[in-house]
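Novice: Structure in structure tokens, see below.
The values are calculated or read from the model by the stated rules, or taken from the named source; none is laboratory data. Just so it is clear, the structure is predicted and the values come from calculations on it, not from any experiment. When we count neighbours, we look across all protein chains shown, and the Cβ atoms used for this are built from the backbone with ideal geometry, even at glycine. For the accessible areas, the whole protein counts, side chains as well, though only heavy atoms, and no ligand, DNA or RNA atoms are used. Shrake-Rupley method; radii C 1.70, N 1.55, O 1.52, S 1.80 Å.
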Amino acid sequence: MEPLPVRRSDGDHGGPSIRFRDALGRQREESGYGTQDEAIERLTQLYAEKKTTAPSVAPARRELGRQTVEEYAKQWRPRQRKMTDYSTGEHVDSSINVHIVPRLGSRKLNSVTPIVVERFLDEMESDGVGRGNQMNIFRTLKTILRDASGKGAMADDPVKGGAGAGIRSGKSRRS
């Protein structure tokens with residue numbers, strides 16, 4: 001992956017942006033970095049990940065990343081043996097079928113970013129989903145996405161950092 005130079009934003013995005021080729025070979029752009037150093041750090045991270053991925057593993061990761069959230073969730077759910085309590089499994093199924101799949105189900109795994117997760121949380125809040133339910137639904141989504149991320153479906157963990165912090169604190173994320 002030959003990194004493209006960091007460029008200053010035209011003001012629409014609120015900070016420097018970077019352009020790079022993703023795991024599928026498509027050109028992508030990320031913007032909104034606070035400083036040019038942050039943008040360069042992210043570009044360096046992407047380059048290092050690409051460089052350390054074994055060529056034999058890359059096709060499998062690309063294929064996994066092409067799956068939709070719905071397809072992956074359907075494969076993920078039966079592997080969750082820890083959910084032996086019937087009601088726990090029922091709640092997880094409800095989170096997936098009622099909240100996650102309708103909002104994110106058609107999205108490819110490799111296109112799920114922290115911003116997408118934040119928008120998902122904002123939608124639930126706008127739709128009047130209670131805080132307790134939001135926490136449980138987010139916990140299910142986070143577990144699914146971390147599992148996919150751990151298998152290489154996406155370049156970065158979309159739920160690391162601040163995603164979901166507003167739920168735990170009881171404060172609105174739109175401050």
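Novice: What are the residues in segment 80-109 that are surrounded by 14 or more Cβ atoms within 10 Å (Cβ to Cβ) and at pLDDT below 85, if any?
Specialist: Result: Q80, M83, G89.
Novice: Kindly indicate the residue of segment 102-147 that is β-branched (V, I, T) and closer than 18 Å to H91 by Cβ and also farthest from the chain's Cα centre (by Cα) among those meeting that condition.
Specialist: Applying the filter and picking the extreme gives V129.
Novice: Need a quick list: helices (runs of 4 or more DSSP H) entirely within segment 74-145 having at least 1 residues that are more than 26 Å from D156 (Cα to Cα) and touching a residue at least 12 places away in the same chain (Cβ under 8 Å).
Specialist: 86-94
Novice: Oh, and also: Can you pull out every residue in segment 143-158 that is among the aliphatic types (A, V, I, L, M) and open to solvent by 40 Å² or more (accessible area, probe 1.4 Å)?
Specialist: A155 - this is the single residue of segment 143-158 that is among the aliphatic types (A, V, I, L, M) and open to solvent by 40 Å² or more (accessible area, probe 1.4 Å).
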